[in-house]
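Before any comments, here is the structure.
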Amino acid sequence: MIFTIITIIFAIILVVLAAISVEQKDIVRSIIFLMAFLFVLSANFIFLGATLVGAIELLVYVGAVSALLVFTMMITGGKEIE
């Protein structure tokens, strides 16, 4: 029972973070919410017992892809989306 409740809480947090990330007009805030989304997704995988998938998610997506997005944002100037 508690396992199901925690999984539902993770799912709600993931949906909210994804929606906020998409709706942000500022690129920096969008990247921050995307990193938070990927971190919570990794925590969800670890909680569900897929430790390897969670660790790979954490290393590859939260680490490498987010760093690449931040670097790209720095190069482009981080303009707001209108």
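Just so it is clear, none of the values below were taken in a lab; they were calculated from the coordinates. Treat the numbers as computed from the prediction; the structure is a model and nothing was measured. Using ideal geometry, Cβ is built from the backbone for each residue, glycine included, and neighbour counts are taken over all protein chains shown.
If you line up the long axis of helix 27-47 against the longest principal axis of the chain, both from Cα atoms, how many degrees apart are they, to the nearest 10?
20
Order the peptides 42-49, 5-12, 60-67, 30-37 from the highest to the lowest mean number of other Cβ atoms within 10 Å of their residues. Spell out each step's value before the answer.
On the way: 42-49: 15.9, 5-12: 11.9, 60-67: 14.2, 30-37: 19.2.
Listed from highest to lowest mean packing, they are 30-37, 42-49, 60-67, 5-12.
Would you kindly state how much longer the chain becomes between Ala50 and Phe3 on full extension, computed as 0.36 nm times their sequence separation minus their alpha carbon distance, in nm to one decimal?
On the way: separation 47, 0.36 × 47 = 16.92 nm, distance 1.45 nm.
Residue separation times 0.36 nm, minus the Cα-Cα distance, leaves 15.5 nm.
If the viscosity is 0.692 mPa s and the temperature 37 °C, what translational diffusion coefficient in µm²/s does Stokes-Einstein give for segment 2-76 when Rh comes from Kirkwood over Cα pairs?
Working: Rh = 12.9 Å.
Using the Kirkwood radius from Cα pairs, D works out to 254 µm²/s.
Kindly express, to the nearest 10 degrees and within the range 0 to 90, the angle between helix 66-76's C-alpha long axis and the longest C-alpha principal axis of the chain.
10
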